[in-house]
Amino acid sequence: MNEKKNLHTPSMRKARKRTRKDTAVVDFDRHAVLKDIGKGRLYHLDTYGCQANEADSETIRGILEKLGFAETEEESRADLILLNTCVVRSSAANRVFGELGRLKRYKRDNPDLILGVAGCLPQDESATERILKEHPHVDLIFGTHNIHRLPELLETALLSKEKVVEVLSEEGDIVENLPKRRFHAKKAYVNIMYGCDEFCTYCVVPYTRGKERSRPFEAILAEIDKLIEEGYREVTLLGQNVNAYGKDLESEASFADLLCAFHERDIARVRFTTSHPKDFDQETIEILARGGNLMPHIHLPVQAGSDEILRRMNRKYTSDDIVDLVGRIREAVPGISLTTDLIVGFPGETEADFADTLALLDKVRFEGAFTFMYSPREGTPAASFDHSVPPETKKERLHRLQKKVDEGYKRGHERFLGETVDVLVEGESKEEGMLKGYSPHHKLVHFAGGTGLVGAIVPVRITEAKTWFMRGEIDEESA
Ligand code: SAH
Ligand code: SF4
Ligand code: F3S
C-alpha cells in the first residue's frame with residue numbers, strides 16, 4: 001500500500017481476509033465535520049452498477065447537499081463531477097475508463113473542476129493503478145467503505161489542490177444516520193446489510209464491498225418509519241444476500257422477522273433484492289404468503305443449471321434444490337413472478353452444461369432474467385480456472401439463452417391480459433400522453449394519463465402484452 005500523503009490505495013489480497021470480527025455502529029452526525037464548502041458550487045453525479053451503488057449515490061447526494069452543493073444535469077456547468085462506478089464485469093469497468101477519457105475536456109475548460117471516481121471500481125487494485133497511470137486528470141478517488149468521509153476528502157481536494165486517493169481494503173464500522181437525497185419521491189432503497197461473504201468464484205463483490213454486516217433491526221425500522229412519515233409508498237430492502245440478514249447479529253433477528261415487521265407497517269409496497277437460493281428459508285416463504293404489502297415478485301439469481309458448474313461457482317445448491325425451492329414458493333404464493341440472473345461461458349462450461357441451464361429455465365419458467373457472458377475478474381478464483389470458453393461460443397450461447405428468456409418475459413405479461421393491476425406511477429413514458437409504472441409483480445405498464453397521477457397507485461386494465469412491457473388503460477370502475 002502506498003502511504004504517501006493523500007494516497008491510500010487498495011489491496012485485493014487484504015480485502016479477501018475477514019480480519020475484523022466485530023462491527024461497531026457509529027453515528028454520521030457525531031463524526032462528520034460539515035462545512036459549507038459546496039456553497040455556490042454545482043455537482044454532477046453518474047451512477048453505474050447495481051442497487052447498492054444507487055443507494056450509495058443517494059448518500060453521496062445527501063452529503064454533497066449538506067455541504068451546500070447543488071445538483072446539475074450539465075457536466076459543463078459542474079464544479080464537481082463524480083462517477084459512482086461498478087467493476088463486476090470488464091464491460092462495466094471499460095465504460096468508466098471510456099468516460100474518464102471523455103470527461104478530460106471539461107478539466108481543460110475548467111482547471112478548477114474536481115473530477116472524482118467513487119464506488120466499486122477503485123476497490124479493485126489494478127483498476128486504481130490504471131486510473132492513476134492513464135487518467136492523471138482524476139483528482140479524487142474513494143471506495144465503498146468511506147463514503148461518510150466525503151466531506152473531509154473533498155475539503156482536502158478543494159483546498160490543497162492535490163490528488164486525493166483514499167480506498168480502504170477493509171470495511172469499517174456501520175455508519176448510521178447518513179444523509180440521503182433519494183432519486184424517487186415515492187420509492188426508496190433501504191440497506192438492510194452491507195458486503196458479501198459468499199465468495200462465488202466468479203465474483204468481485206466480496207472484495208469490493210467487504211464483510212457481510214447486517215444493520216441493526218431497530219435502525220432499519222427507524223428508517224422505514226421516517227420514510228412512511230415522508231409519504232413514501234414503496235421500499236426495496238437491499239443486500240447482496242438478503243436471506244442471510246441477521247446471521248452476524250447477536251440478536252436472533254432474521255430476514256423473516258424483518259419481513260414480518262414490514263408487513264405490519266403502513267407502507268403500500270415492500271420489495272427486496274437480492275435473494276440467494278441457498279438461504280431462502282421456509283419461514284420467509286410462509287411470511288410472503290401473507291401477501292398484503294409484501295409484493296409477489298422475487299429476484300432469485302440461479303446463475304446456471306449444471307450442478308458441476310454450480311459447484312465450481314461455489315453456489316452451494318443444485319438445480320434440483322432450485323426446482324424444489326421454486327415449487328414451495330409457488331405453492332405458498334400462487335402467481336408469484338420470479339426473475340433471475342444467468343451466466344454463460346463460465347470456465348469449462350460444456351454444451352451439455354449449457355443445455356442444463358436451458359432445461360432449468362424450462363422447469364422453473366422465470367419471467368425475466370439478466371443474462372451475462374462470464375467475465376474473468378482479476379483476483380477471483382475462477383480467473384485462474386482452466387478451459388475458458390471461446391468468445392464466439394459464449395456469444396452464441398448468450399443468444400440462445402436470451403431467446404428463451406424473452407419468451408419468459410412475454411409469457412409473464414400475457415398472463416395479465418384483461419386483468420386489472422395496481423400501478424405505482426413513476427413518471428411519463430417516452431410516448432406522448434403516456435405514463436409508466438410497475439405492477440405488484442414488477443411488470444412495467446404503460447397507460448394514458450395526466451402527470452398529476454405521478455406517485456399515485458392507479459388501477460390499470462391490461463389490454464396489450466409486449467415482450468418488454470404491457471399496455472393498458474385506467475380502470476375507471478376500480479378507480
Ligand atoms: N448479490 C447478487 C448480485 C451480484 S452481481 C447475487 O448474488 O445474485 C449481479 C450479477 O452479476 C450476478 O448475479 C451474476 O449473474 C453477475 N456476475 C457477477 N460476476 C460476474 C462475472 N465475473 N461475469 C459475469 N457475470 C457476473
Ligand atoms: Fe457475488 Fe455471490 Fe456475493 Fe452475489 S452472492 S455478490 S454473486 S459473491
Ligand atoms: Fe457493481 Fe459493485 Fe454492484 S461491482 S454490481 S456496483 S456491488
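Nothing in this text is a laboratory measurement; each read-out follows from the coordinates by a stated rule. Fair warning: this is a prediction, and the values are worked out from it, not measured in the lab. Positions of Cβ are backbone-derived with ideal geometry, glycine not excepted, and every protein chain shown enters the neighbour counts.
A few points about this structure:
- For segment 58-69, 3J(HN,Hα) per residue [Karplus equation, 6.51 cos²θ - 1.76 cosθ + 1.60, θ = phi - 60°, Hz, x = Gly/Pro]: 5, 6, 4, 4, x, 5, 4, 6, 5, 7, x, 5
- In the calculated pair-distance distribution of the chain, the portion above 37 angstrom amounts to 30 percent of the Cα-Cα pairs.
- Across segment 420-474, Cα-Cα pairs farther apart than 16 Å form 26% of the total.
- If a spin label sat at a point 7 angstrom from the Cα of residue 109 along the line to its beta carbon, the backbone N atoms of segment 52-73 nearer than 20 Å would be those of 70-73.
- Computed 3J(HN,Hα) for segment 151-164, one whole-Hz value per residue from the Karplus formula 6.51 cos²θ - 1.76 cosθ + 1.60 where θ = phi - 60°, is x, 5, 4, 5, 4, 4, 4, 6, 7, 7, 6, 9, 5, 10, glycine and proline marked x.
- Scaled against the 2.2 N^0.38 Å expected of a compact globular protein of N residues, the Cα radius of gyration of segment 173-314 reads 1.07.
- Difference of contour (0.36 nm per residue) and Cα-Cα distance, residue 222 to residue 22: 69.7 nm
- Relative contact order [Cα under 8 Å, 6+ residues apart], segment 176-265, whole percent: 33
- Compared with the alpha-carbon gap, the fully stretched path from residue 197 to residue 65 is longer by 44.2 nm at 0.36 nm per residue.
- Karplus-derived HN-Hα couplings along segment 131-140 (A = 6.51, B = -1.76, C = 1.60, θ = phi - 60°), whole Hz, x at Gly and Pro: 4, 4, 7, 8, 10, x, 7, 7, 9, 9
- Over 22 Å (Cα to Cα) - which of 107/161; 163/211; 161/211; 21/180; 316/404; 104/180 fall in this group: 163/211; 161/211; 21/180; 316/404; 104/180
- Maximal additional length on extending the residue 395-residue 411 stretch stands at 3.3 nm, based on 0.36 nm per residue less the C-alpha distance.
- Of the GluC sites (Glu not before Pro) found in segment 354-426, the ones in coil according to DSSP and having at most 16 other Cβ atoms within 10 Å of their Cβ are 378, 419.
- Label-reachable residues, segment 69-96, where backbone N falls under 13 Å from a point 7 Å from residue 36's Cα toward its Cβ: 69-70
- In loop segments of segment 423-479 as defined by DSSP, the trypsin sites (Lys or Arg not before Pro) with at most 16 further C-beta atoms inside 10 Å of their C-beta are 430, 466.
- Amide H contacts of residue 340 (H built 1.01 Å from N, in plane; Pro and chain starts excluded): 300, 368, 369, 370 sit under 5 Å, all sequence-distant by 5 or more or on other chains.
- Rh by Kirkwood over Cα pairs, then Stokes-Einstein D for segment 188-409 at 1.306 mPa s and 10 °C, µm²/s: 86
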